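These notes concern the structure reproduced below.
The values are calculated or read from the model by the stated rules, or taken from the named source; none is laboratory data. Note that this is a predicted model, so its numbers are computed, not measured. Quick reminder, even Gly has a Cβ in these numbers, built from the backbone with ideal geometry, and neighbours come from all protein chains shown. The protein model used for the area step is the full one, side chains on, heavy atoms only, and it has no ligands, DNA or RNA in it. Shrake-Rupley method; radii C 1.70, N 1.55, O 1.52, S 1.80 Å.
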Amino acid sequence: MDCTRATGTGGIVDGSTGTGETGKGTGTGETAKGTGTGGPGKGTTGTGGETTGESALADPAAALTAVLRAWWQGSTGVRPTQKALARRAGVDQATMSRYLNPGRPMAAPPAVVEVLHDALGAPPGELDEALRLARAAQGARRVPRARVAVPVGAAPPGPGADPAPVPDPAGPGVSGPTVSHARVAAPISAPVLGYVRRVLWLLLACAAFVAGLWLRPVITPPAAGPAGAGATPVRDEWPVVRLGDVLWEARTVQYLLRERKYEVEVTGTVDAATVGAVTRFQRSLGLVQDGRVGPRTWPRLVVPLAGGDYGPAVEALQSLLTGAGHPTVVSGDFTSETEDVLRIYQAERGLLVTGRATTRDWLSLVSHQGPRLHG
């Protein structure tokens with residue numbers, strides 16, 4: 001097909017000749033950009049408005065990243081840097097790079113999408129679609145509910161719906177799906193059926209007892225060591241933050257020091273002022289005054305957090321959740337969205353799902369960040 005511009009009756013058609021009425025005309029053709037009946041269409045020929053494609057719902061995170069990338073590349077005037085966009089959205093530069101990288105897509109939360117739409121001067125009509133993709137990607141990350149058993153061949157119930165009653169295949173006039181627990185034929189009497197069930201249960205109990213004796217040496221756990229039953233996994237350990245460290249380690253320590261009323265700036269670099277504040281904090285608790293934040297200082301520096309809290313410690317928590325692969329707006333307010341993201345993280349890491357940040361949660365978060373850098 002020609003991708004030239006041809007003039008039709010009453011309008012101009014891009015890619016094919018047709019009969020147009022308004023705008024670029026109405027044409028019937030499979031073009032890169034055409035106008036269908038009733039409004040603009042994108043992709044293949046469409047009628048009745050703009051079509052997005054059902055493939056976006058299969059991977060909303062990738063579709064959202066492509067939309068944000070298009071906004072950024074198509075911004076008018078001087079294109080803002082990713083660092084400037086990250087500062088405006090309240091996230092770090094690495095996270096903003098993931099938001100705009102289709103090769104490694106990361107779904108931005110709705111609040112960040114609105115900030116980018118405003119900062120990049122994107123078309124007003126595309127905001128609703130981008131927010132829909134952001135919410136779809138956010139919903140895909142939530143902890144799944146427990147499954148409800150359904151009859152064989154029946155569709156599962158929708159969210160929040162009660163399970164539908166299983167149809168009785170023996171009932172008059174009922175032609176429902178076959179269920180996995182069909183009734184026993186009528187000729188077998190109830191006493192005989194009860195006797196057979198008791199025998200089967202007895203045999204099953206005997207088999208389980210024998211299997212337990214046989215497998216006991218295999219499944220018996222070894223005796224607990226000096227650390228006790230609640231020993232911390234090897235991969236979860238407190239990092240040692242010292243002078244010259246940068247990025248997430250420095251920011252986390254500085255946020256927590258500000259929570260403790262120490263006057264330090266969140267610069268992302270452990271400078272002399274930060275080391276001095278750490279030393280004063282250690283002195284106040286009788287710890288070794290080496291200016292480093294290690295396994296003895298971290299547990300005394302972190303604070304428990306829950307819904308409704310606000311302040312620099314909440315900013316540290318939100319920044320660590322983002323660095324662990326769960327994007328969260330760094331606002332300093334422990335909102336319901338922050339609680340939901342924390343619950344998802346706790347479920348993925350095998351932690352107690354409470355939606356509250358404890359010392360154990362802080363330990364897991366600082367153990368699952370990006371690479372450590374030293375300036």
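Inside the stretch 325-337, can you point out the residues that are open to solvent by less than 20 Å² (accessible area, probe 1.4 Å) and either of a type outside the set (Gly, Ala, Ser) or out of contact with any strand residue (DSSP E or B) (no Cβ under 9 Å at 6 or more places or on another chain) (or both)? Residues satisfying the conditions are His326, Pro327, Thr328, Phe334.
Please go through the stretch 81-92 and give me each residue that is open to solvent by less than 70 Å² (accessible area, probe 1.4 Å) and either without any contact (Cβ under 8 Å) to a residue 40 or more places away in the chain or of a type outside the set (Asp, Glu) (or both), ordered by number.
Applying the first criterion (open to solvent by less than 70 Å² (accessible area, probe 1.4 Å)) to the stretch 81-92 yields 82, 84-86, 89-92.
Selection gives Gln82, Ala84, Leu85, Ala86, Ala89, Gly90, Val91.
When Thr76, Thr65, Thr95 are checked against the criterion of being open to solvent by less than 80 Å² (accessible area, probe 1.4 Å), out of contact with any Leu (no Cβ under 8 Å at 6 or more places or on another chain) and among the hydroxyl-bearing types (Ser, Thr, Tyr), Thr95 stands alone in meeting it. Scanning the stretch 99-121 for residues that are at pLDDT below 85 and out of contact with any helix residue (DSSP H, G or I) (no Cβ under 7 Å at 6 or more places or on another chain) yields one hit, Gly103.
Scanning the stretch 310-328 for residues that are among the hydrophobic types (A, V, I, L, M, F, W, C) and in contact with a Ser or Thr (Cβ under 6 Å, 6 or more places away or on another chain) gives Ala316, Leu321.
The number of residues in the stretch 329-352 being under 14 Å from Gly307 (Cβ atoms), in contact (Cβ under 8 Å) with a residue 60 or more places away in the chain and not in a helix (DSSP H, G or I) comes to 1. Might you check whether a residue that is modelled with pLDDT under 95, of a type in the set (Lys, Arg), within 23 Å of Val240 (Cβ to Cβ) and surrounded by fewer than 21 Cβ atoms within 10 Å (Cβ to Cβ) occurs anywhere in the stretch 260-273? Within the stretch 260-273, one or more residues are modelled with pLDDT under 95, of a type in the set (Lys, Arg), within 23 Å of Val240 (Cβ to Cβ) and surrounded by fewer than 21 Cβ atoms within 10 Å (Cβ to Cβ). When you look at Pro124, is it open to solvent by 60 Å² or more (accessible area, probe 1.4 Å) and modelled with pLDDT of 85 or more, yes or no? So Pro124 passes the test.
Under the condition of being of a type in the set (Gly, Ala, Ser) and assigned to a loop (DSSP other than H, G, I, E, B), the residues counted in the stretch 104-119 number 2.
In this structure, Gly307 does satisfy being open to solvent by 30 Å² or more (accessible area, probe 1.4 Å) and under 27 Å from the mean Cα position of the chain (by Cα). Selection of the stretch 256-310 for residues being among the hydroxyl-bearing types (Ser, Thr, Tyr) and assigned to a loop (DSSP other than H, G, I, E, B) yields Tyr262, Thr267, Thr297. Among the residues making up the stretch 311-328, those that are within 16 Å of the chain's Cα centre (by Cα) and in a helix (DSSP H, G or I) are Leu317, Gln318, Ser319, Leu320, Leu321, Thr322, Gly323.
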